1. How big is the equivalent ellipsoid of the range 92-146 along its three axes, where each semi-axis is √(5λ) from the Cα gyration tensor, reported in whole Å from largest to smallest?
2. Using the basic label-point model (7 angstrom from Cα toward the beta carbon), what is the E116 to D40 distance in nanometres?
3. How big is the charge dipole of the range 69-167 about its Cα centre, in debye rounded to the nearest 20, if each Lys and Arg gets +1 on its Cβ and each Asp and Glu gets -1 on its Cβ?
4. What does the accessible area per residue of the range 64-178 come to in Å², with a 1.4 Å probe and no ligands, DNA or RNA counted?
5. If contacts are Cα pairs under 8 angstrom and at least 6 residues apart, what is the relative contact order of the range 50-178 in percent?
6. What Kirkwood hydrodynamic radius do you get for the range 22-144 when you take the inverse of the mean 1/r over all pairs of distinct Cα atoms, in Å?
7. To the nearest 20 debye, what charge dipole does the range 124-178 have about its Cα centre, counting +1 at the Cβ of each Lys and Arg and -1 at the Cβ of each Asp and Glu?
8. Give the accessible area for T159 in Å² (nearest 10); use a 1.4 Å probe, count only protein heavy atoms, and leave out ligands, DNA and RNA.
Amino acid sequence: HRSTNEDNAMNLLLFGAMGTEMVEVGEYVAPFPRYDEICDLLHRLADACPAACVVEEGKSLGGLPIYSLNVAKERDKPLIVMDAAMHAHEWGPVIGSLIFLKRLFEQAESETPYAEAILSRYGIKFIPVLNPDGWDNFGPQLHGVNLNRNFPAFWEDYTADGPRVRGKAPLSEPEARV
């Protein structure tokens, strides 16, 4: 059973208590970024936080790297894994997650209790894009597989979609195995 402090830290993370700034449309929302721009942003965020690093988690079907941003003050902490986009058109969660991480790092640098509560108790692994092959042209995964349907849970239930949509087998696609 987790302690109250751990519950509070998780609530801060999940409910966005990272400062009081309001986001207005157009003020912070960037245009649709190219995949190389997202990778560049990950590296810049890692450079801004001593506890962060960028890791190549694997390769897409087309051979493009799939990167994550990893943040951990200590290795033995529970890990929060965030992915933002399995499909090429899901740019909103990518931008929102990058803004969240940027604010978290700014708050950590200012030593605010919110950032300290999160970063002292948890590690974070953020994978912004799982389908880099289709990202820049809003396309599907190269085999046409819906990555949401390629996981073991309920894989056999997606029979109406056919094998092309769900994949030949659970985790048959490299992007789903990251």
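The values are calculated or read from the model by the stated rules, or taken from the named source; none is laboratory data. It should be emphasised that the depicted structure is a prediction, and the values quoted were computed from it without experimental measurement. Cβ sites come from the backbone with ideal geometry, for glycine too, and all protein chains shown count toward neighbours. SASA here: full protein model, heavy atoms, side chains in, ligands and nucleic acids out. Shrake-Rupley method; radii C 1.70, N 1.55, O 1.52, S 1.80 Å.
1. On the way: eigenvalues 211, 27, 8 Å².
Over the Cα atoms of the range 92-146, the semi-axes work out to 33, 12, 6 Å.
2. According to this spin-label approximation, the distance is 3.6 nm.
3. Numbers: 10 positive and 13 negative charges, 24 e Å.
The calculated dipole for the range 69-167 is roughly 120 debye.
4. Values: 5870 Å² over 115 residues.
For the range 64-178, the solvent-accessible area averages 51 Å² per residue.
5. On the way: 222 pairs, mean separation 38.4, N = 129.
Taking the mean separation of contacting Cα pairs over the length of the range 50-178, I get 30 percent.
6. Numbers: mean 1/r = 0.0662 Å⁻¹.
Value: 15.1 Å, from the Cα pair sum.
7. Working: 6 positive and 7 negative charges, 23 e Å.
In total the dipole reaches around 120 debye.
8. So the heavy atoms of T159 present about 100 Å² to solvent.
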